[in-house]
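Everything below concerns the one structure shown next.
The values are calculated or read from the model by the stated rules, or taken from the named source; none is laboratory data. Since this is a predicted model, take the numbers as computed values, not measurements. When the accessible area is computed, the model is the full protein with side chains, heavy atoms only, and any ligands, DNA or RNA have been set aside. Shrake-Rupley method; radii C 1.70, N 1.55, O 1.52, S 1.80 Å.
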Amino acid sequence: MHRIISATSTALLLATAFVAAQAPAPATPAPTPRTDIGTVDLNGIWGVAPLPPAAKSGESVRWLLPLKGVNPEGTDVFKGLDRWQVEGRAAAPNKPEYKPELLAKVKDLSDKQGVLDPAFYCKPQGVPRMGPPTQIVQTPGQVVFLYGGNNLFRVIPTDGRPHRADADPSYLGDSIGRFEGDTLIVDVTTFNDDTWLGSDGYFHTENMHVVERFTRKGDTLTYTATVEDPAVLAKPWTTTPRGLRLSTNKADALLEAPPCVEHDAPHIVSLEHH
(Lines give C-alpha, C1' and ligand atoms only; values in the text may rest on other atoms or scores of the structure.)
Protein backbone atom coordinates (compact mmCIF):
# COMPACT_ATOMS: atom_id res chain seq x y z
CA MET A 1 0.00 0.00 0.00
CA HIS A 2 1.21 3.51 -0.77
CA ARG A 3 -0.05 6.83 0.52
CA ILE A 4 0.17 10.31 -0.91
CA ILE A 5 -0.46 13.25 1.42
CA SER A 6 -0.94 16.79 0.20
CA ALA A 7 -2.73 19.99 1.18
CA THR A 8 -5.38 21.63 -0.98
CA SER A 9 -6.32 25.30 -1.20
CA THR A 10 -9.11 24.66 1.31
CA ALA A 11 -6.66 23.27 3.87
CA LEU A 12 -7.78 19.69 3.49
CA LEU A 13 -5.48 16.77 4.04
CA LEU A 14 -5.80 14.32 1.15
CA ALA A 15 -4.71 10.75 1.69
CA THR A 16 -4.83 8.19 -1.10
CA ALA A 17 -4.38 4.50 -0.41
CA PHE A 18 -4.35 1.64 -2.90
CA VAL A 19 -6.77 -1.14 -2.03
CA ALA A 20 -5.13 -4.51 -2.52
CA ALA A 21 -7.11 -7.40 -3.90
CA GLN A 22 -8.90 -9.22 -1.11
CA ALA A 23 -11.33 -12.06 -0.86
CA PRO A 24 -14.87 -10.84 -0.09
CA ALA A 25 -16.14 -11.40 3.41
CA PRO A 26 -18.14 -14.64 3.69
CA ALA A 27 -21.90 -14.30 3.87
CA THR A 28 -22.05 -16.58 6.92
CA PRO A 29 -19.36 -17.09 9.57
CA ALA A 30 -17.04 -20.01 8.92
CA PRO A 31 -16.81 -22.69 11.61
CA THR A 32 -14.07 -22.24 14.17
CA PRO A 33 -11.45 -24.95 13.54
CA ARG A 34 -9.78 -26.99 16.26
CA THR A 35 -6.37 -28.63 16.42
CA ASP A 36 -5.83 -32.37 16.81
CA ILE A 37 -5.60 -31.93 20.58
CA GLY A 38 -8.87 -29.99 20.74
CA THR A 39 -7.65 -26.42 21.24
CA VAL A 40 -8.76 -23.56 18.99
CA ASP A 41 -6.59 -23.37 15.86
CA LEU A 42 -4.91 -19.96 15.54
CA ASN A 43 -2.53 -20.85 12.71
CA GLY A 44 -2.37 -18.45 9.81
CA ILE A 45 -1.67 -14.93 8.60
CA TRP A 46 -3.97 -12.43 10.28
CA GLY A 47 -4.82 -8.84 9.55
CA VAL A 48 -6.57 -8.78 6.19
CA ALA A 49 -8.82 -5.74 6.60
CA PRO A 50 -12.25 -5.51 5.00
CA LEU A 51 -12.60 -3.19 2.03
CA PRO A 52 -13.87 0.34 2.79
CA PRO A 53 -17.50 1.00 1.89
CA ALA A 54 -18.15 1.11 -1.86
CA ALA A 55 -14.53 0.23 -2.66
CA LYS A 56 -13.51 -2.51 -5.05
CA SER A 57 -10.29 -4.45 -5.35
CA GLY A 58 -7.64 -2.49 -7.25
CA GLU A 59 -9.25 0.91 -6.66
CA SER A 60 -7.86 3.85 -4.71
CA VAL A 61 -9.64 5.25 -1.68
CA ARG A 62 -9.36 8.89 -0.66
CA TRP A 63 -10.00 10.50 2.70
CA LEU A 64 -10.46 14.27 3.09
CA LEU A 65 -9.52 15.50 6.55
CA PRO A 66 -10.40 19.13 7.35
CA LEU A 67 -7.61 20.98 9.13
CA LYS A 68 -9.16 24.20 10.35
CA GLY A 69 -6.95 27.25 10.64
CA VAL A 70 -4.08 25.72 8.65
CA ASN A 71 -2.20 27.51 5.90
CA PRO A 72 -2.04 24.95 3.04
CA GLU A 73 0.90 26.78 1.43
CA GLY A 74 3.29 26.34 4.36
CA THR A 75 4.51 23.72 6.78
CA ASP A 76 1.53 24.46 9.02
CA VAL A 77 -0.20 21.48 7.42
CA PHE A 78 2.03 19.11 9.36
CA LYS A 79 1.45 20.98 12.61
CA GLY A 80 -2.26 20.86 11.85
CA LEU A 81 -2.13 17.12 11.24
CA ASP A 82 -0.26 16.65 14.51
CA ARG A 83 -2.82 18.74 16.38
CA TRP A 84 -5.70 16.83 14.77
CA GLN A 85 -4.19 13.47 15.76
CA VAL A 86 -3.41 14.53 19.33
CA GLU A 87 -6.85 16.06 19.85
CA GLY A 88 -8.51 12.97 18.40
CA ARG A 89 -6.66 10.65 20.74
CA ALA A 90 -7.36 12.95 23.70
CA ALA A 91 -11.08 12.79 22.92
CA ALA A 92 -11.08 8.99 22.59
CA PRO A 93 -13.15 7.41 25.36
CA ASN A 94 -10.77 4.52 25.98
CA LYS A 95 -7.32 5.45 27.20
CA PRO A 96 -5.27 4.55 30.27
CA GLU A 97 -6.23 6.43 33.43
CA TYR A 98 -3.24 7.62 35.43
CA LYS A 99 -3.08 8.60 39.07
CA PRO A 100 -3.75 12.34 39.52
CA GLU A 101 -0.23 13.07 40.76
CA LEU A 102 1.22 11.62 37.52
CA LEU A 103 -0.93 13.47 34.99
CA ALA A 104 1.59 16.30 34.68
CA LYS A 105 4.34 13.78 33.85
CA VAL A 106 2.15 12.15 31.19
CA LYS A 107 1.45 15.54 29.60
CA ASP A 108 5.12 16.50 29.64
CA LEU A 109 6.09 13.22 27.96
CA SER A 110 3.32 13.65 25.41
CA ASP A 111 4.38 17.22 24.62
CA LYS A 112 7.91 15.94 23.97
CA GLN A 113 6.85 12.70 22.24
CA GLY A 114 8.85 13.57 19.15
CA VAL A 115 12.10 13.27 21.07
CA LEU A 116 11.21 11.03 24.03
CA ASP A 117 9.05 8.23 22.59
CA PRO A 118 11.25 5.08 22.76
CA ALA A 119 9.64 3.68 19.61
CA PHE A 120 10.96 6.65 17.63
CA TYR A 121 14.50 5.35 18.14
CA CYS A 122 13.86 1.95 16.51
CA LYS A 123 13.24 0.27 19.85
CA PRO A 124 10.50 -2.39 20.04
CA GLN A 125 7.09 -0.90 20.80
CA GLY A 126 6.57 -3.59 23.40
CA VAL A 127 3.44 -5.30 24.68
CA PRO A 128 0.67 -4.29 24.26
CA ARG A 129 1.49 -1.31 22.02
CA MET A 130 2.80 -3.57 19.24
CA GLY A 131 -0.64 -5.17 19.01
CA PRO A 132 -1.44 -8.59 17.59
CA PRO A 133 1.02 -10.55 15.44
CA THR A 134 0.93 -10.77 11.67
CA GLN A 135 1.22 -14.55 11.68
CA ILE A 136 0.63 -17.23 14.29
CA VAL A 137 2.34 -20.63 14.20
CA GLN A 138 0.81 -23.09 16.64
CA THR A 139 2.24 -26.43 17.74
CA PRO A 140 1.44 -28.67 20.72
CA GLY A 141 2.87 -26.96 23.78
CA GLN A 142 3.67 -23.57 22.29
CA VAL A 143 2.45 -20.77 20.06
CA VAL A 144 4.81 -18.53 18.07
CA PHE A 145 3.87 -14.94 17.20
CA LEU A 146 5.55 -13.38 14.15
CA TYR A 147 5.45 -9.61 13.65
CA GLY A 148 6.05 -8.72 10.02
CA GLY A 149 6.29 -4.96 10.47
CA ASN A 150 9.41 -5.09 12.63
CA ASN A 151 10.86 -8.62 12.27
CA LEU A 152 10.12 -9.57 15.87
CA PHE A 153 8.85 -12.85 17.29
CA ARG A 154 7.52 -14.19 20.58
CA VAL A 155 7.43 -17.80 21.76
CA ILE A 156 4.47 -18.50 24.08
CA PRO A 157 4.61 -21.79 26.03
CA THR A 158 1.16 -23.36 26.47
CA ASP A 159 2.23 -26.51 28.31
CA GLY A 160 1.31 -25.30 31.78
CA ARG A 161 4.75 -24.09 32.88
CA PRO A 162 4.98 -21.02 35.16
CA HIS A 163 6.78 -17.78 34.42
CA ARG A 164 10.55 -18.06 34.40
CA ALA A 165 12.10 -17.09 37.70
CA ASP A 166 15.39 -16.16 35.99
CA ALA A 167 13.94 -13.99 33.19
CA ASP A 168 15.53 -10.56 32.82
CA PRO A 169 13.29 -7.52 32.19
CA SER A 170 12.79 -7.02 28.47
CA TYR A 171 10.77 -5.11 25.87
CA LEU A 172 8.44 -8.05 25.20
CA GLY A 173 8.35 -9.49 28.71
CA ASP A 174 8.04 -13.13 29.76
CA SER A 175 4.92 -14.83 28.37
CA ILE A 176 2.98 -17.98 29.18
CA GLY A 177 -0.33 -19.01 27.63
CA ARG A 178 -3.36 -21.18 28.20
CA PHE A 179 -6.51 -21.99 26.22
CA GLU A 180 -10.04 -21.36 27.40
CA GLY A 181 -12.60 -22.39 24.80
CA ASP A 182 -12.03 -20.34 21.63
CA THR A 183 -9.57 -18.01 23.39
CA LEU A 184 -5.82 -18.06 23.91
CA ILE A 185 -4.94 -16.14 27.07
CA VAL A 186 -1.35 -14.88 27.30
CA ASP A 187 -0.02 -13.68 30.65
CA VAL A 188 2.99 -11.35 30.35
CA THR A 189 5.30 -10.08 33.11
CA THR A 190 8.94 -9.01 33.60
CA PHE A 191 9.02 -5.92 31.38
CA ASN A 192 11.59 -3.18 31.23
CA ASP A 193 10.25 0.38 31.43
CA ASP A 194 11.65 1.51 28.06
CA THR A 195 8.33 1.31 26.19
CA TRP A 196 5.09 3.27 26.23
CA LEU A 197 1.51 2.08 26.07
CA GLY A 198 0.83 4.65 23.36
CA SER A 199 2.30 7.70 21.71
CA ASP A 200 0.85 10.24 24.17
CA GLY A 201 3.31 9.75 27.00
CA TYR A 202 1.62 6.65 28.41
CA PHE A 203 4.57 5.34 30.38
CA HIS A 204 4.65 2.31 32.69
CA THR A 205 6.90 0.69 35.28
CA GLU A 206 8.79 -2.60 35.25
CA ASN A 207 6.01 -4.06 37.39
CA MET A 208 3.44 -3.80 34.60
CA HIS A 209 1.33 -6.94 34.10
CA VAL A 210 -0.43 -7.57 30.79
CA VAL A 211 -3.05 -10.20 29.92
CA GLU A 212 -3.68 -10.61 26.18
CA ARG A 213 -6.70 -12.42 24.75
CA PHE A 214 -6.93 -13.88 21.26
CA THR A 215 -10.44 -15.12 20.46
CA ARG A 216 -11.21 -16.85 17.17
CA LYS A 217 -14.73 -17.04 15.76
CA GLY A 218 -14.74 -18.49 12.26
CA ASP A 219 -12.10 -16.64 10.27
CA THR A 220 -12.08 -13.60 12.59
CA LEU A 221 -9.61 -13.07 15.42
CA THR A 222 -10.35 -10.52 18.16
CA TYR A 223 -7.44 -9.14 20.17
CA THR A 224 -7.58 -7.29 23.48
CA ALA A 225 -5.03 -6.63 26.22
CA THR A 226 -5.60 -5.66 29.85
CA VAL A 227 -2.84 -3.68 31.55
CA GLU A 228 -2.29 -3.56 35.31
CA ASP A 229 0.33 -1.23 36.79
CA PRO A 230 -0.88 -0.07 40.23
CA ALA A 231 2.13 2.17 40.75
CA VAL A 232 1.01 4.53 37.97
CA LEU A 233 -2.47 3.56 36.73
CA ALA A 234 -5.56 4.45 38.73
CA LYS A 235 -7.23 1.24 37.51
CA PRO A 236 -6.56 -1.58 35.02
CA TRP A 237 -6.90 -0.54 31.38
CA THR A 238 -8.23 -2.77 28.59
CA THR A 239 -7.42 -1.84 25.01
CA THR A 240 -10.16 -1.37 22.44
CA PRO A 241 -10.82 -4.74 20.74
CA ARG A 242 -9.13 -5.19 17.37
CA GLY A 243 -10.68 -7.50 14.79
CA LEU A 244 -8.44 -9.33 12.32
CA ARG A 245 -9.38 -11.44 9.31
CA LEU A 246 -7.63 -14.64 8.34
CA SER A 247 -5.93 -14.45 4.97
CA THR A 248 -7.28 -17.12 2.63
CA ASN A 249 -4.93 -16.20 -0.22
CA LYS A 250 -2.43 -19.04 -0.57
CA ALA A 251 0.05 -16.60 -2.15
CA ASP A 252 0.25 -14.52 1.02
CA ALA A 253 3.54 -14.78 2.91
CA LEU A 254 5.20 -12.97 5.74
CA LEU A 255 7.91 -10.78 4.23
CA GLU A 256 10.98 -9.43 5.97
CA ALA A 257 10.62 -5.73 6.74
CA PRO A 258 13.45 -3.30 6.00
CA PRO A 259 15.63 -2.67 9.06
CA CYS A 260 14.77 0.38 11.13
CA VAL A 261 17.66 2.84 10.98
CA GLU A 262 17.30 6.11 12.90
CA HIS A 263 18.62 9.17 11.07
CA ASP A 264 16.11 11.86 12.05
CA ALA A 265 16.89 12.51 15.72
CA PRO A 266 19.81 14.94 15.12
CA HIS A 267 17.62 17.02 12.79
CA ILE A 268 14.52 17.50 14.96
CA VAL A 269 13.70 21.20 15.29
CA SER A 270 10.18 21.07 16.75
CA LEU A 271 8.13 18.94 19.11
CA GLU A 272 5.40 17.80 16.70
CA HIS A 273 4.30 14.21 17.23
CA HIS A 274 5.60 11.55 14.85
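Couple of notes before you dig in:
- Heavy-atom accessible area, probed at 1.4 angstrom with all protein chains present, ranks F120, F214 as F120, F214, highest first.
- For the stretch 167-260, the pair-distance distribution built from all alpha carbon pairs, in bins 5 Å wide starting at 0, is 3, 11, 17, 19, 18, 17, 10, 4, 1, 0 percent.
- Mean-position separation - Cα centroids, the stretch 162-185 and the stretch 193-254, in angstrom: 13
- The lysines whose alpha-carbon is closer than 22 Å to the alpha-carbon of K250, local same-chain residues fewer than 8 away aside, are K56, K217.
- For the stretch 187-246, accessible area per residue (1.4 Å probe, heavy atoms of protein chains only), Å²: 38
- Shape call, the stretch 83-175: gyration tensor on alpha carbons, a/c limit 1.5: prolate
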